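Participant: Below is a structure I'd like to ask you about.
What follows draws every value from the coordinates through simple rules; no lab data is involved. Remember, predicted model here, so these are calculated numbers, not experimental data. For neighbour counting, all protein chains shown are included, and Cβ atoms are generated from backbone atoms with ideal geometry for every residue, glycine included.
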Amino acid sequence: MDMSKYRDLFISEAREHIQGINDCILVLEKDAVNADSINELFRHAHSVKGMAASMEYDAIARLSHRLEDLMDIFRQGKARISPPVVDILFQGIDFLDGMVTAVEDGSSLDGFDTAGYLNDVQEIIEGRLPGDAGESRENVIEPVPVEEKPPSIEPAPQPMEEKPNSVEPAPQPGEGELAIVFSISNESPVPAVRAYLVIKRLSELGKIISVVPSPEEIKSGGYAGEVSMVIAGTDRPFVEKLLKNSTEMGKFTISSPTPGKKPKPSPVASRPGSPKTVQSTPAPPASQTVRISTRLLDTFINLVGELIVTKSRLRELSKESGSTVTDQVLTRLDHLVSTLHGEVMKVRMDPMESVTKRLPRMVRDLGRKEGKEISLVIEGAQIELDRAILEELGDPLVHILRNAVDHGIEDAKERQKTGKPPVGTITISISRERDMVYVNIVDDGRGMNLEKIRSKAVDKEIISEEQARVMSEEETVMLICRPGFSTADEVTDVSGRGVGMDVVQAVVESLGGTLSIESTSGAGSRFTLKLPLTVAIVKMLLIQAQEHIFAIPITRVVRTTRIAREDVKESQSRFYLTFDEDLIPLYFLRKMLSLPNSHNGNDLLTVVIVEVTNRMVGIAVDGVSGQADIVVKPLCYPLDRLVGYSGMTVLGNGMIVPVLDLGNLL
């Protein structure tokens, strides 16, 4: 059987299991005898081993098998997990992750030298610290006292007995045994692989007496729609739970011999049809989910965007014809396209957890490197965002967390001197308000030294001494987002090179969001990312400069207003207007775009108030043409080098409209 076509499925599921192992290890680092996490970790490692073996990725199977052996010691309750074991487990997961990445890239696994690591694992299994042979080593596996030994939740796995039989009757249960017949959902793209994995997982629960067809026959293409097997040494609830939770499981039955009666033969397992059983479990419904390529999702959203443009074009033509019937049809079309757009966007949405789940491990490793103990709390990770935004959000979150670990959180001694608990806390809280999502990253560290920020900014000639004297606290804090700015006294591999926060601000604003920062000396800092739900099809405000039309994201617009020219104040060749009792800068769209700036004789100015780089500014325009749902198309070379433009769109009347990047224009 050609297994290469299942590579993408293997990569996807392997990453899920590796992330699951990471999560379990983080739990066990704090609670070494957590039986649920120990068993879950063992199952994840076993699943990776089974999948890798079926795909003939021997290096991955060998490594995961040794991790499984290591976990079996703790799974059986013979010992507790100690800090050296946690470190060795994390090292193994990093190896596995790198190998899966190599499979994804099409690279060879021969470049991974795991011999030394596997030797370290063997030494830990034998109760010794890894090191050179012959040295005296401290025992690193902590035995569990008899009175404290946790009860075993699942029986230890036994070797599977595989019996080739293509015409053999379905196996029947004896005393203390269970007969299982199962099939994989017809919708599964890889039924043989799924069947093979189910057999492997059942072998964890007890001893496999017989199975038809055998795993070897399944691997060679012998799966004909149904598997019959007998298992001993386990209880029915465990088997039922495993089958119900198996991915893409179809129908299954579980039966046991009736007391005082001899089991009767049942039909051949490989022949279609349901065997008669004394007792059966209702089969769960077939899987209602499928995996979809991200490229296919992008194609869907592009097609929906074209439908929206075409719908707008038809609406324009309908206005010219004045047909009432056409209006009715277009109203129905508008409803259908809007519904389709909404459903496609739901498919594109992913929970924030897809980004945040890798952060606890990163914070843990950085904290250890800096000699700090830090707890990361994540709230609201179930809130969903457009996949395109999530793909860009990972690096900004990493930059903020690295700064919080390096600059924000103090070491235990310093924290205790100021009356704080020795363990620092960083909290990521996600919330949604209408069509915007707020991501708050808060730490309880030392906060920011505003005087040091101003001094560094003057030294690096980012601002003048005069500007430093009149700067507000809010403006001072935002200086850390200037390119090349850093308050670190020395460069480390964590921070200090003057890159990071400027990248965060640039990425957030490119997504149509905003970044704001608050800090209190001695009490910590708060970073707030305000993000739109989606960047695929967005609402834009259409503004005019002369006869030209431009678009700006509606999420940046605070208000549109009209003011008298005499209310505009001028100071040092700069213009200002009053907004909410504050003076804000005023820019003229014509001048920003290098268009002729002639007076049109109108004493009233149309002004759009927008929020850019965490400040309010006014933009004087020649007119506002309304709003539109648009699909933003990126600019190609050489147009992508134009400063101040983030893309183009097409309106319903066929007009090509540039989308302005206000952050680079102002």
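Participant: I'd like the distance separating the alpha-carbon centroids of region 41-94 and region 174-207, in whole Å.
Facilitator: 22 Å
Participant: Return the long-range amide H neighbours of ILE463 (sequence gap of 5 or more, or a different chain), with a cut-off of under 5 Å between placed amide H atoms.
Facilitator: Hits under the 5 Å cutoff: VAL458.
Participant: A further question follows. Could you give the Stokes-Einstein D for region 65-119 in µm² per second, using the C-alpha Kirkwood radius, 10 °C, 1.306 mPa s?
Facilitator: Stokes-Einstein gives a translational diffusion coefficient of 127 µm²/s.
Participant: Considering only Cα-Cα distances, which of the following residue pairs are longer than 19 Å: LYS30/LYS241; LYS372/LYS413; LYS78/LYS207?
Facilitator: Working: LYS30/LYS241 28 Å; LYS372/LYS413 10 Å; LYS78/LYS207 21 Å.
Result: LYS30/LYS241; LYS78/LYS207 exceed 19 Å.
Participant: Order the peptides 637-650, 538-551 from the highest to the lowest mean number of other Cβ atoms within 10 Å of their residues. Intermediate values should be presented prior to the final figure.
Facilitator: On the way: 637-650: 13.7, 538-551: 18.8.
The densest-packed peptide leads the list: 538-551, 637-650.
Participant: What are the residues whose amide H is under 5 Å from the amide H of VAL612, where those residues sit 5 or more places off or on another chain and H is modelled from the backbone?
Facilitator: VAL617
Participant: In addition: I'd like the distance separating the alpha-carbon centroids of region 367-441 and region 500-533, in whole Å.
Facilitator: 12 Å
Participant: Go through region 93-99 residue by residue and turn each phi into a ³J(HN,Hα) via Karplus (6.51, -1.76, 1.60, θ = phi - 60°); whole Hz please, and just put x for glycine and proline.
Facilitator: Those phi angles translate into 5, 5, 4, 4, 4, x, 5 Hz.
Participant: Arranged from highest to lowest average of other beta-carbon atoms within 10 Å per residue, in what order do the peptides 230-241, 555-566 appear?
Facilitator: In decreasing order of mean packing, 230-241, 555-566 become 230-241, 555-566.
Participant: Sorted by average packing, counted as other Cβ atoms within 10 angstrom per residue and highest first, what order do 178-186, 568-576 take?
Facilitator: Packing proxy ranking, top to bottom: 178-186, 568-576.
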